[in-house]
Amino acid sequence: MIKSMTGYGSASKDLGNGKYTVEIKSLNSKFLELNIKLPKAFSDKEFFLRNECSKLLERGKVMLSITAESTDVASKAATINKVLLKHYYQELKTAALELNEKPDQLMQLAVNFPEVVKYDENAISEEEWKLMLHTFYEAEKNFQQFRSDEGRVLELDLISRIESILNFMALVERDEPNRVPAIKEKLNGMLADAVGKENVDQNRLEQELIYYIDKLDITEEKVRLKSHCNYFIDTLMEKDANGKKLGFISQEIGREINTMGSKANDAQIQRYVVGMKEELEKIKEQLLNVL
């Protein structure tokens, strides 16, 4: 069963003094491109979360966002480094006097200098980390469910298009027997115009026709195309994610369709081949979004 590479999942947990929210979003990518946004208090947990995402999310351009909302006013309180504030203020005042500028709003400027104002960001406890991690796994579960739901839609579409290719091949098999008489009649006509009907060596014509028909035979291509299409369906039904494998199989399907088209030598069969190619292109587009 396939999964979509596009996904979304979120989860929230209420604390006594706030709330944790985890969001996971993903788009198409050949590899795992992971972008993590964490509160400063969780910065030391980033390596662990990256490893978990690598194991669980597999591929895609993934954005993991964790927010911590606190209702504890004390935890948000700011402290002012008065020594630095005085230093910056005096420096600004001296510069203003030397430049004959009005010493307006110097306090506001001084407060905005680095390290003057600090916010109390307490380190998280083990209990808070466990709660946040539980929230992460719940969001990941919702994310995987989203991918599975999207995967079912993709699966139905892919099966439909493979069946369409097989239907076109059934039409090829239906019309293929008409090719030999048509080619024989065409060659007879060409030879009759060139050397005269009475001078045509029928035995030699049959030999040349056998050789010519053998070059145009598409039996092997039909057998391999059916086999590749069945293998594609079987791979779709496998438990593991198989986007890359399905991509390789679709390339083999394309090779057989192209060879069939080059050997067809028949306008109607060429139309069926074009129909197969159209379906295959749509399959390849959909596979870009398969995990």
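The values are calculated or read from the model by the stated rules, or taken from the named source; none is laboratory data. Predicted model only: the values in this text are computed from it and were never measured. All Cβ positions, even for glycine, are placed from backbone atoms using ideal geometry, and neighbour counts span all protein chains on display. We work out accessible area using only protein heavy atoms, side chains counted, and drop any ligands, DNA or RNA first. Shrake-Rupley method; radii C 1.70, N 1.55, O 1.52, S 1.80 Å.
Taking the condition in a helix (DSSP H, G or I), among the acidic types (Asp, Glu) and over 25 Å from the mean Cα position of the chain (by Cα), does Glu256 pass? Yes; evaluated as a whole, the condition is true for this residue.
Kindly indicate whether Ile249 is in contact (Cβ under 8 Å) with a residue 40 or more places away in the chain and among the β-branched types (Val, Ile, Thr).
Working: in contact (Cβ under 8 Å) with a residue 40 or more places away in the chain: no; among the β-branched types (Val, Ile, Thr): yes.
Answer is no for this residue.
Checking each residue in the range 108-136 for being exposed (fewer than 13 other Cβ atoms within 10 Å of the Cβ) and modelled with pLDDT of 85 or more picks out only Lys130.
Quick check: is even one residue across the range 3-16 open to solvent by 30 Å² or more (accessible area, probe 1.4 Å), under 11 Å from the mean Cα position of the chain (by Cα) and on the phi < 0 side of the Ramachandran plot? Before you say what the answer is, go through the steps one by one.
Filtering the range 3-16 for residues open to solvent by 30 Å² or more (accessible area, probe 1.4 Å) gives 3, 6, 8, 10, 12-16.
Next cut, under 11 Å from the mean Cα position of the chain (by Cα) only: 3, 6.
Keeping just the survivors that are on the phi < 0 side of the Ramachandran plot gives 3, 6.
There is at least one residue in the range 3-16 that is open to solvent by 30 Å² or more (accessible area, probe 1.4 Å), under 11 Å from the mean Cα position of the chain (by Cα) and on the phi < 0 side of the Ramachandran plot.
The strands (runs of 3 or more DSSP E) falling completely within the range 1-55 that include 1 or more residues that are of a type in the set (Gly, Ala, Ser) and under 26 Å from Asp240 (Cα atoms) map to 7-14, 18-27. Inside the range 211-239, can you point out the residues that are modelled with pLDDT of 85 or more, closer than 20 Å to Ser262 by Cα, among the acidic types (Asp, Glu) and open to solvent by less than 70 Å² (accessible area, probe 1.4 Å)? Glu221 - this is the single residue of the range 211-239 that is modelled with pLDDT of 85 or more, closer than 20 Å to Ser262 by Cα, among the acidic types (Asp, Glu) and open to solvent by less than 70 Å² (accessible area, probe 1.4 Å). Give the residue that is surrounded by the most Cβ atoms within 10 Å (Cβ to Cβ), with candidates limited to residues of the range 240-283 that are of a type in the set (Asp, Glu) and modelled with pLDDT of 90 or more. Among those residues, the one meeting the criterion is Glu256.
Out of the residues in the range 56-72 meeting the condition of being part of a loop (DSSP other than H, G, I, E, B) and over 16 Å from Lys25 (Cβ atoms), tell me which one is most open to solvent (accessible area, probe 1.4 Å).
Here is the first cut: in the range 56-72, the ones part of a loop (DSSP other than H, G, I, E, B) are 58-59, 71-72.
Filter once more, keeping what is over 16 Å from Lys25 (Cβ atoms): 71-72.
Numbers: Thr71: 104, Asp72: 60 Å².
Per the criteria, the residue is Thr71.
Is it true that Lys37 is within 30 Å of Gly7 (Cβ to Cβ), surrounded by 13 or more Cβ atoms within 10 Å (Cβ to Cβ), at pLDDT 90 or above and of a type in the set (Lys, Arg)? No, not satisfied.
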